[in-house]
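Enquirer: My questions will all concern the structure given below.
The values are calculated or read from the model by the stated rules, or taken from the named source; none is laboratory data. All values reported here derive from a predicted model rather than from experimental measurement. When we count neighbours, we look across all protein chains shown, and the Cβ atoms used for this are built from the backbone with ideal geometry, even at glycine. Please note that ligands, DNA and RNA were not included when accessible areas were found on the heavy atoms of the full protein model with its side chains. Shrake-Rupley method; radii C 1.70, N 1.55, O 1.52, S 1.80 Å.
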2 protein chains.
Amino acid sequence: MIKKQLPAHWLVIDWGTTNFRAFAMGEQGDVLDKVELSLGLLQVKEGAFAIELENVLSGWLAEYKHLPIYMAGMVGSQQGWANVEYVPTSVGIEQLAHNAYRFELPWGATATIVPGVSHQSAEGLFDVMRGEEVQLFGLAKLTGMADLVAIMPGTHSKHAAFNKGQLVEFSSYMTGELFSVISTHTILGRGLPETGALTDNLAFLKGVREGQGEQLTNTLFMARTHRLFNNITDAEVLDYLSGVLIGNELKALEAKQVQVYLVGGGKLCERYQLACQELGLESTYINGDECFIAGMAAIQKVMNNDN
Amino acid sequence: MIKKQLPAHWLVIDWGTTNFRAFAMGEQGDVLDKVELSLGLLQVKEGAFAIELENVLSGWLAEYKHLPIYMAGMVGSQQGWANVEYVPTSVGIEQLAHNAYRFELPWGATATIVPGVSHQSAEGLFDVMRGEEVQLFGLAKLTGMADLVAIMPGTHSKHAAFNKGQLVEFSSYMTGELFSVISTHTILGRGLPETGALTDNLAFLKGVREGQGEQLTNTLFMARTHRLFNNITDAEVLDYLSGVLIGNELKALEAKQVQVYLVGGGKLCERYQLACQELGLESTYINGDECFIAGMAAIQKVMNNDN
């Protein structure tokens, strides 16, 4: 393998439970190169974060030992490299920057881990995020909006609200993880054709509409009865299920009828966009990586101005 | 093994997806003996229902070849012995009896499979049950009530309403199956102590209350954040999760503030009773086997009067 000779000035890393993504950044905040690996926290042996990171970097870049590294995600959790305490809402970008954890890497460079954010609801219940807060401040930067509502689809989908440039509240929905375990491990997914591709918009939209019902655990059972009564085919079951779960998640926003940003990967956001359309919610897609990088650049800027 | 010499007149069998339960009935409708096996439909090789049944009976009873057999449950489904069509609501006991499927067993006795019931909601969505309809008519018999609301906790929990002696509507909730897959396969159940016993009433009741929230997939995530913020211990997570799912299911009845019957196994019904109490719902427990037997006796009586 030929190591890349890049005029990189710093590195940005999104290090989550199952994925690792690193971006080599140029002087102007431009992305020079990108590496994506299935090297999530679960794959890293206890205490071996520095070793794993150096393995990746030394195989990728000819020169990396002088590059400051900015990280976010579950890497800053109890199960991660260092347990960086959550910053409670409301959170401005300054608080994220000031509460970041900075330490020296074995090869001499400086590492920074951006803290996650916690939110306590009116009912006193806590919610948490790690990594999405960087994307959200990037989204605010890219759109120039001080007030916004964003949906970040995923394993634990997030709905977040900004007010006057502050992250003021957010909630998590287990949409992605539930889709995965329900389709893999319950009777609803049994005996489906191998393809399992999410391609059928009609079945998906039927799910979105029916996912508006009062009781999710009842609506999920319809994936079974629709099959029994030939209202959907075996090939459509996963689309229907995905629609039910996404539609149910969007109920939380439907009443507000706000304009929402969809932040994340293109394929999943496309499904959310279809669902939003079906429910009369106006949505705008913005790439999650772009938000992450813009957010990290903004945080880095605050930190550097502080020094 | 000594085969039992019983003055049995007929046999009642509840044959489901994962379990098989047979009761030897005396002349007066009294249960002489009972057999319970993990011999669900999933364990029976295709087309081998008669062979499996004769295996069980010949090992259990000295004389069985003359005994009529009454069955209900998934044995009457597409994946079962014979696909007995659902009877649509409203359903009286006569319709169940008249639509039962009767056939001769290889050893000369008569077998009867009671049909399941389907219900179409006001929104046009179908729901189905197989086996619970027998318990419900037994419940009506045992209580002497022509109008009642019953909860039948389980893998796919059912809420059913009787009106003037007719089963008029019901809904399924995937409470049991979701509890199982969420605690086994999602992040919420990861790293819990081995015991996993459901013993903590306070954590359970906290779950019941918080399960009343608007968005189940958000509330489920609280099983994670409560752990993070030390609001519940690792040993309490499963109790909390169970509470959230049962509490969420009971939302469907809470508004109606009716008196409900809880029909099923004692241990699970006890948890539902605690939850009902917490939500101000008056509940009465009746053993599920007793309801099943009483229901089968009532159906058999109608069938015999017809002949």
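Enquirer: Condition check: buried (at least 18 other Cβ atoms within 10 Å of the Cβ), in contact with an Asp or Glu (Cβ under 8 Å, 6 or more places away or on another chain) and without any contact (Cβ under 8 Å) to a residue 12 or more places away in the chain. Does B:L125 satisfy that?
Expert: Yes; evaluated as a whole, the condition is true for this residue.
Enquirer: Something else about it: If B:A146 meets every condition in (1) touching a Lys or Arg at 6+ places or on another chain (Cβ under 8 Å); (2) open to solvent by less than 30 Å² (accessible area, probe 1.4 Å) apart from one, which number is that one?
Expert: The single condition B:A146 does not satisfy is (2).
Enquirer: Among the candidates B:T155, B:T143, single out the residue that is among the β-branched types (V, I, T) and either in contact with a Pro (Cβ under 8 Å, 6 or more places away or on another chain) or at pLDDT 95 or above (or both).
Expert: It is B:T143.
Enquirer: Collect the residues in segment A:153-172 that are away from every other protein chain (no Cβ under 14 Å) and in a strand (DSSP E or B), keeping them in residue-number order.
Expert: A:A161, A:F162, A:N163, A:Q166, A:L167, A:V168
Enquirer: With a cut-off of at least 1 residues that are open to solvent by less than 10 Å² (accessible area, probe 1.4 Å) and at the interface with another protein chain (Cβ under 7 Å from one of its Cβ atoms), name the helices (runs of 4 or more DSSP H) lying wholly within segment B:173-257.
Expert: The qualifying helices (runs of 4 or more DSSP H) are B:175-185, B:216-228, B:237-254.
Enquirer: A follow-up question, please. Check off (1) open to solvent by 20 Å² or more (accessible area, probe 1.4 Å); (2) outside any strand (DSSP E or B); (3) within 30 Å of A:E214 (Cα to Cα) for B:H119 and give me the number that stays unchecked.
Expert: With respect to (1) open to solvent by 20 Å² or more (accessible area, probe 1.4 Å); (2) outside any strand (DSSP E or B); (3) within 30 Å of A:E214 (Cα to Cα), B:H119 is out only on (2).
Enquirer: Right, another one. Return the total of residues in segment B:260-307 being among the hydroxyl-bearing types (S, T, Y) and over 19 Å from the mean Cα position of the chain (by Cα).
Expert: Looking only at that region, the number is 0.
Enquirer: Just to check your reading of the model, which residue among A:F126, A:F162 is in contact with a strand residue (DSSP E or B) (Cβ under 6 Å, 6 or more places away or on another chain) and farther than 24 Å from A:L268 by Cα?
Expert: Testing whether each residue is in contact with a strand residue (DSSP E or B) (Cβ under 6 Å, 6 or more places away or on another chain) and farther than 24 Å from A:L268 by Cα leaves just A:F126.
Every residue, every condition in (1) at pLDDT below 95; (2) within 19 Å of A:E177 (Cβ to Cβ); (3) within 14 Å of chain B (Cβ to nearest Cβ), yes or no:
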residue: A:F103; (1), (2), (3): no, no, no
residue: A:G108; (1), (2), (3): no, no, no
residue: A:T112; (1), (2), (3): no, no, no
residue: A:G124; (1), (2), (3): yes, no, yes
residue: A:R130; (1), (2), (3): no, yes, yes
residue: A:E133; (1), (2), (3): no, no, no
residue: A:V149; (1), (2), (3): no, no, no
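Enquirer: Are any residues in segment A:93-149 among the charged types (D, E, K, R) and more than 23 Å from A:N287 (Cβ to Cβ), and if so, which ones?
Expert: A:E94, A:R102, A:E104, A:E123, A:D127
Enquirer: Next question, about the same structure. Could you give me the residue pairs with C-beta distances under 7 Å whose first residue belongs to segment A:213-231 and is in contact (Cβ under 8 Å) with a residue 24 or more places away in the chain and under 16 Å from A:L192 (Cα atoms), whose second residue is in a helix (DSSP H, G or I) and open to solvent by 10 Å² or more (accessible area, probe 1.4 Å) wherever it lies, and which are 6+ apart or on separate chains?
Expert: A:R224/A:I187
Enquirer: Checking the structure you have, find out if any residue of segment B:61-73 is farther than 26 Å from B:M303 by Cα and either polar (S, T, N, Q) or without any contact (Cβ under 8 Å) to a residue 60 or more places away in the chain (or both).
Expert: Yes, because at least one residue in segment B:61-73 is farther than 26 Å from B:M303 by Cα and either polar (S, T, N, Q) or without any contact (Cβ under 8 Å) to a residue 60 or more places away in the chain (or both).
Enquirer: Among the residues of segment B:245-284, write down those that are aliphatic (A, V, I, L, M) and over 20 Å from B:D147 (Cα atoms).
Expert: Across segment B:245-284, the qualifying residues are B:L245, B:I246, B:L268, B:L274, B:A275, B:L279.
Enquirer: Which fully enclosed strands (runs of 3 or more DSSP E) of segment B:1-115 have 3 or more residues being open to solvent by 60 Å² or more (accessible area, probe 1.4 Å) and not assigned by TED's automatic domain parsing to the domain that holds B:G154?
Expert: It comes to B:31-37, B:101-104.
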